[in-house]
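Have a look at the structure below before the remarks.
The values are calculated or read from the model by the stated rules, or taken from the named source; none is laboratory data. The structure displayed is predicted, hence computed values, not measured ones. Glycine also receives a Cβ, built like all others from the backbone with ideal geometry; neighbour counts cover every protein chain displayed.
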């Protein structure tokens, strides 16, 4: 995601990309339309949940990272607890939920495997 694109436009594009592919997406929480941070919550039919958050790389490239250090799969309760912590810290955050049988996230940006030392985990 480029800083030239406002968050709402980027989120709208992601939701459209997901829905056109045959998966289902919903905006669970609307954040700041211009500069809000974004968390992606993916869900598979078996109930597995993954969270992917935006992270900044040293070269200013926008990348995303899985939140869970182990295998990045968590329960719904674990995901909800994490999201509550993030919302209490950042009221401007967007939360996008994607339901896909393959667990795809549909991000065009690079997704790194894990977040180490996440203060909200």
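Before moving on, here are some points about what is shown:
- The listed residues are 49, 18, 111, 27, and the only one of them that is at pLDDT below 90 and touching a strand residue (DSSP E or B) at 6+ places or on another chain (Cβ under 7 Å) turns out to be 111.
- Tally of residues being farther than 21 Å from residue 21 by Cα and modelled with pLDDT of 85 or more across segment 68-108: 22
- Residue that is nearest to the chain's Cα centre (by Cα), among those in segment 14-42 that are part of a strand (DSSP E or B) and either exposed (fewer than 15 other Cβ atoms within 10 Å of the Cβ) or without any contact (Cβ under 8 Å) to a residue 60 or more places away in the chain (or both): 39
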